[in-house]
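Here's the structure we're looking at; comments come further down.
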Amino acid sequence: IHPRSENGAAVASLVLACALFACVVSCLVLYRVNAPELRVQSQRATEMMQQGKGFLEALQVVADEQATAQPSVGVAVASVLQLVAIPIWIATLICGILGVRHAFRRRFAIIALCITGLAPLVMCCGVFLVMY
């Protein structure tokens, strides 16, 4: 094996970063499509907090109400994508760190680490913008 051809971690990190990016964008699109439903749930939790319930108690009541109601498919898929994105994020981070250690294809790992660093910020800000 040629020594320059060894940096599978960098390639893997870039592939995983692309999958992570797809998960984040898909979540945001699904949340945007289902924003009215999500706003109703958020308003319900806010009303309960204004009535004197604590934050966690209000969220628990809203979660219980959601469990008995039929959630939309979009919200359910977005929730699953968020859960899938977490291990992809961790794997991208690990592969990116390993990939940066070798000079060959180091750029792939650097790009992947940039995407990994921005993904949580984009997700949080994107959900905030969708909700308000």
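Before moving on, here are some points about what is shown:
- Criterion (open to solvent by 60 Å² or more (accessible area, probe 1.4 Å), free of Cβ contacts under 8 Å to residues at least 24 places away in the same chain and under 17 Å from the mean Cα position of the chain (by Cα)) met by exactly one of ILE110, ILE90: ILE90
- Residues of the stretch 12-48 that turn out to be open to solvent by 70 Å² or more (accessible area, probe 1.4 Å) and more than 15 Å from LEU81 (Cβ to Cβ), as a count: 7
- Condition check for GLN70: part of a helix (DSSP H, G or I) and modelled with pLDDT under 90: no
- Looking at ALA9, ALA58, just one residue is surrounded by 14 or more Cβ atoms within 10 Å (Cβ to Cβ), over 16 Å from the mean Cα position of the chain (by Cα) and under 30 Å from ALA109 (Cα atoms), and that residue is ALA9.
- HIS2, sole failed condition from (1) modelled with pLDDT of 95 or more; (2) farther than 26 Å from PHE128 by Cβ; (3) of a type outside the set (Val, Ile, Thr); (4) open to solvent by 50 Å² or more (accessible area, probe 1.4 Å): (1)
- Any hit, the stretch 11-27, residues being at pLDDT 80 or above and in contact with a Lys or Arg (Cβ under 7 Å, 6 or more places away or on another chain): yes
The values are calculated or read from the model by the stated rules, or taken from the named source; none is laboratory data. Bear in mind that the values here come from a model prediction, so they are computed numbers and not experimental data. Cβ coordinates were reconstructed from backbone atoms using ideal geometry, including for glycine residues, and neighbour counts include every protein chain displayed. Each accessible area value is taken on the protein alone, full model and side chains, heavy atoms only, with ligands, DNA and RNA left out. Shrake-Rupley method; radii C 1.70, N 1.55, O 1.52, S 1.80 Å.
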